[in-house]
Structure formats: C-alpha cells, structure tokens
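The structure under discussion appears below in the form of structure tokens.
The values are calculated or read from the model by the stated rules, or taken from the named source; none is laboratory data. The structure presented is a predicted model; accordingly, all values stated were derived computationally and were not measured. Because the Cβ atoms are built from the backbone with ideal geometry, glycine has one as well, and the counts that use them run over all protein chains shown. Note: accessible area is taken over every heavy atom of the protein model, side chains too, but ligands, DNA and RNA are not part of it. Shrake-Rupley method; radii C 1.70, N 1.55, O 1.52, S 1.80 Å.
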Amino acid sequence: MTDRKYVLSIDQGTTSTRAIVFDHAGHAVAAGQAEHQQLFPRPGWVEHDPMEIWTNTIQCVALALTRARITHLHVAAIGITNQRETTVVWDVRTGQPVTNAIVWQDTRTAELCRELGGDEGADRWKDRVGLPLATYFAGPKVRWVLDNVEGARADAEAGHLRMGTIDSWLIWNLTGGPNGGLHVTDVTNASRTMLMDLRTLEWDQEIARAMDIPRSMLPEIRPSVGDFGTVGSTGLLGGRPITGVLGDQQAALFGQACFTPGMAKNTYGTGCFVLTNTGDEVIESKSGLVSTVGYQLAGEPAVYALEGSIAVAGSLIQWLRDNLGLIASAPEVEELAASVEDNGGAYIVPAFSGLFAPHWRDDARGVIAGLTRYVTKAHLARAALEASAYQTRDVLDAMQSDSGRPISELRVDGGMTANELLMQFQADQLGIDVIRPTVIETTALGAAYAAGVGVGFWSGTDEVTGNWSEELRWSAAMDRAEADRLHRNWTKAVERTMGWVDGDT
Ligand SMILES: Nc1ncnc2c1ncn2[C@@H]1O[C@H](COP(=O)(O)OP(=O)(O)OP(=O)(O)O)[C@@H](O)[C@H]1O
Ligand SMILES: [Mg+2]
C-alpha cells in the first residue's frame, strides 16, 4: 500500500477554484487554480455556471496532483470548502442545473425578502436561524428559481430537483452524480440558507413551508468533520474519502486555529468576513451581525460564531482594475496608493450589492464622496484600500458591543493581506495588533485540517493549533484622534449610500 501522506483540499471560491495538496506539517506542496466567469446579466444580478465550476474543480485537482507528483493513492482524505450561500438547483435525473447558480452577491431577491418578512420585517426568523432576511442568503434564491424558471416548480414537487450550496453540488458530483451521488451538506453551509435551526441543526420545516421549498430538495445536514462519502471508484480520486466540509469563512476560522471563544479572524478576499468564536453559545446580535455555525466535529456539539459579513473588499480592487483601468493588476494598487500621503479627502463606499453588516441595507449603492479638483487616481487607490479597513472597524465595533468583551488582536488572511499598506492602516484604525500567519491560504488549509482530523491524519484541533505560526504583525502607529477623524468622515460617506434604490432606479 502507498503511504497516504497528504490531504487534498478543494477551495471553490467566488472568483476561482483551487485544489491544494497539504503535507502533515500543514504546508502547501502543490496547487492548481482556475478562474471561472462572473456573469452579470442585469444590474444587481450575479451568476456562475455550475458546470464550469465542476469541470474547473476536476482540472484543478488533476493539476495539483500532477504538480505534487502523486496519485490519489497518496491522498489520506479530501476536504472541501466553498463560497457560501451561492445556490444551485439541479435535476437528479440528468445532473443538469435548471439555471445558473445565483451568487451570494446577487440582489434579485430583494422584493421577495420584503414579502417574506411581512409585518415582522427582516428579523422574522432571526432568533431561529441567526440571520436577517437578506438577498445574501440561499433560501430565497431557491424560491426565486422555483417561481421563475419554467417547469421548475412542477419538477420540484415531483421530487426531481435538488438544491445545494456549492459544497453539495460538488459532493453530489464527486460521489456519483446521477448514479447515486450523495446529497449532503455540512452544518456551516446549512447555517447560511435561513432554513436551518441553529440549535437543533435540522431543517426548520415551518420556514421551508413559508418559503415554499419542498423538503425533497434539501440535502442531509452533517457535522463539518465526519463522513461525506467516498469518491466514485473511477477517476482521479477514486475511492478516497471526503471527511471535511466547511463554508469558506468557517474554514478560515478553522485554519487560523480560532478554537477558543473570543478568538477572531478576518479574511480579505472578494469580500471581508470577520468571525469570532462564541463557543457553545448562540449570541443574538443587537448590532447588525449574524450568528452562524463555526464548525462541528462528528459526535460533538456545534461551535458557534458571530460574523460580520462585508460584501465588497478585494472585488473593489478588481473593479479599479477591470472597470476603471486605474491599475493593470491588483498588487499595483499598493504602489499607486503609496505614492500619496493620505486619501486626499476621498472615500469610496463600495455598496455594490447594498450594504451587509452591520447595516443590512439592500437599497444602498456605492458612492465616492469628498471629491475635489485635488483628488487623483492615487487618492482613489488609497480610498479603495481604506474602505476594507473602515468596514472591518465597523464590524469589530459591533462585535465588541454584542459580546461585551474586547477583541485583543485580529488574525488575518486572504489575498489582500499581501498589501502591507492596508494591513498597517487596518491596525491604525482598530488600535489593536493585526497578525498574519505563515500560511495565508487559510481557507484551503482549514478544509484540509478538517478532513485530516476526520481520518486521524491529524489527532485533533490541538495539533492544528500547534501547526499555526505567526509570520508578521502590524501595530497601531497613527495618532488615535486622527484615526477617529478619518473614520468619522467614512461614516458620513456611508450615510450617503443609503436609500439610493427606490421604485424607478
Ligand atoms: N496586493 C493586493 N492589494 C490589494 N488587493 C489585492 C492584492 N492582491 C490581491 N488582491 C485582491 O484580493 C482578492 C483575492 O484574494 P483571495 O485570493 O484571497 O480571494 P479569493 O479566495 O479568490 O476570493 P474568493 O474565495 O472570494 O474567490 C482579489 O479581489 C484581489 O483584488
Ligand atoms: Mg477564497
């Protein structure tokens, strides 16, 4: 028998898919990556092609294994992590999606969410599911498909359709697809649908009925670390077990070893997502945060988290690059921003999909505020970077007021943490240390750890903690009064985004 020395992690993100082979020390040995198309059929709509995501996944796995010079026989376990909330509805008979995946950033369900809220408003089910009714979450997206795709409602009622977040879509395909594929999800992904009761970890029948989603469409919910079946016997990963599944932000929490209540991380990718471990307690936020499942090991109670979700962070840098042409590549933004001392009075509030935490306003749209003849593209580059830091500060303020406990340091990861100007400004805004670990592919690493713990490749979370190490730390250097002055101006700019979308926009 071949030594099974590696864990394979599949990280299916919003903009790209990665497969990464990790060794026992938690180091990435080899990787494959492929971007997929972002489809914007109308303003506010965002879609992905589920088939493209599936074929990219297989290609990335092949690349990663080839580059690591290993086969599936060297793989102890497979972990899966994914962009959350993005929803696929497919026909089990053919394996074909009935329409494109509706991405988490998509705002087409705004009206539907208002209808579902009725007299009780957006918080109608918040005490049970931890989330306000918002376009962000999966349940209303399923309902939209059933209401708007021809024949979908009838096929769903006849038991032919399945819904899934991307984890379910990939697992179903990996484990056989139309030939007996497993229809499952993990507790963290299920906690983003608005359909799971946070405390029982089961589908809430009443909410599913209110949303008019047939029970037969919903996957079975399982612990994040445990059994998700084995890959069909033919093909690249034949016979290997899937033993770890986590939504991408929860995977980052796991990969950052935030296993103790009060520990917090922020991932700077397409958006920014701050999660803090709240242990066995579901905290009901009074400050615009959501409660969610952090992770669950098989046979153990769930560990919960409080989350501040920020829709736009790195994607604002991509927008500067692709829509404005201010830079040729994302890393160039740092040089451009560093060519000026400050933001020149300019603020960008990237409310492209409305505002998520802590405001939850789907009627907000982006603004650039504070423009004068003095402002240059370098100031705008700076304002774009600063936007991530201000948004993070708003969320951390909310977190501390909800939990009543100060956050003493912030572990960070994701593509934007390569940007030292941003990281320094983040520390300046927060007034606490910002710490980047050695491995910044924390999302993929977290799913690898979950899968590895699931098969005993790693003994448990203590070993994950032992593997975590600090690479760089930024401490606040700016005068506090100045940091607060900038943040006050930011708050004025945020106010100007609100109420933009009305009847005739
Ligand atoms: N040096 C940089 N400065 C600022 N932003 C950067 C820099 N390098 C990359 N980014 C931004 O970081 C993002 C990529 O980060 P990352 O690779 O973590 O995201 P991702 O995992 O692909 O996102 P997702 O999982 O949401 O698809 C991009 O939006 C890009 O614009
Ligand atoms: Mg990612």
- Message: Show the residue pairs meeting these rules: Cβ distance below 9 Å; 6+ apart or different chains; first residue within region 75-93 and within 16 Å of ligand 2 (Cβ to nearest atom); second residue basic (Lys, Arg) and open to solvent by less than 10 Å² (accessible area, probe 1.4 Å).
- Response: ARG84/ARG192; GLU85/LYS141; GLU85/ARG192; THR86/LYS141
- If you go through region 396-434, how many residues are in contact (Cβ under 8 Å) with a residue 60 or more places away in the chain, of a type in the set (Val, Ile, Thr), more than 16 Å from ligand 2 (Cβ to nearest atom) and crowded, with 24+ Cβ neighbours inside 10 Å? 0
- Message: I'd like to know if region 342-355 contains one or more residues that are at negative phi, surrounded by 21 or more Cβ atoms within 10 Å (Cβ to Cβ) and near ligand 1 (Cβ under 10 Å from one of its atoms).
- Response: no
- Message: Just to be sure I understand, how many residues within region 427-456 are touching a Leu at 6+ places or on another chain (Cβ under 9 Å), within 12 Å of ligand 1 (Cβ to nearest atom) and closer than 20 Å to LEU385 by Cα?
- Response: 0
- From (1) over 28 Å from LEU297 (Cα atoms); (2) open to solvent by 30 Å² or more (accessible area, probe 1.4 Å); (3) modelled with pLDDT under 95, pick out the condition that doesn't hold for ARG209. (3)
- Query: Which residue pairs have Cβ atoms under 6 Å apart, sit 6 or more places apart or on different chains, and have a first residue in region 219-239 that is closer than 14 Å to ASN189 by Cα and a second that is small (Gly, Ala, Ser) and crowded, with 23+ Cβ neighbours inside 10 Å?
  - Reply: PRO219/GLY164; PRO219/SER168; ILE221/ALA190; SER224/ALA450; VAL225/GLY244; VAL225/ALA450; VAL225/GLY454
- So is VAL7 in contact with a Gly (Cβ under 9 Å, 6 or more places away or on another chain), more than 16 Å from ligand 1 (Cβ to nearest atom) and over 24 Å from PRO140 (Cα atoms) or not? yes
- Message: Criterion first (out of contact with any helix residue (DSSP H, G or I) (no Cβ under 9 Å at 6 or more places or on another chain), touching a residue at least 40 places away in the same chain (Cβ under 8 Å) and more than 14 Å from GLY26 (Cβ to Cβ)) does VAL455 satisfy it?
- Response: yes
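Which fully enclosed strands (runs of 3 or more DSSP E) of region 58-173 have 1 or more residues being of a type outside the set (Val, Ile, Thr), surrounded by 18 or more Cβ atoms within 10 Å (Cβ to Cβ) and touching a helix residue (DSSP H, G or I) at 6+ places or on another chain (Cβ under 6 Å)?
75-82, 161-165
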- Considering region 176-190, residues that are within 21 Å of HIS48 (Cβ to Cβ) and polar (S, T, N, Q), and then whichever is surrounded by the most Cβ atoms within 10 Å (Cβ to Cβ), we arrive at THR188
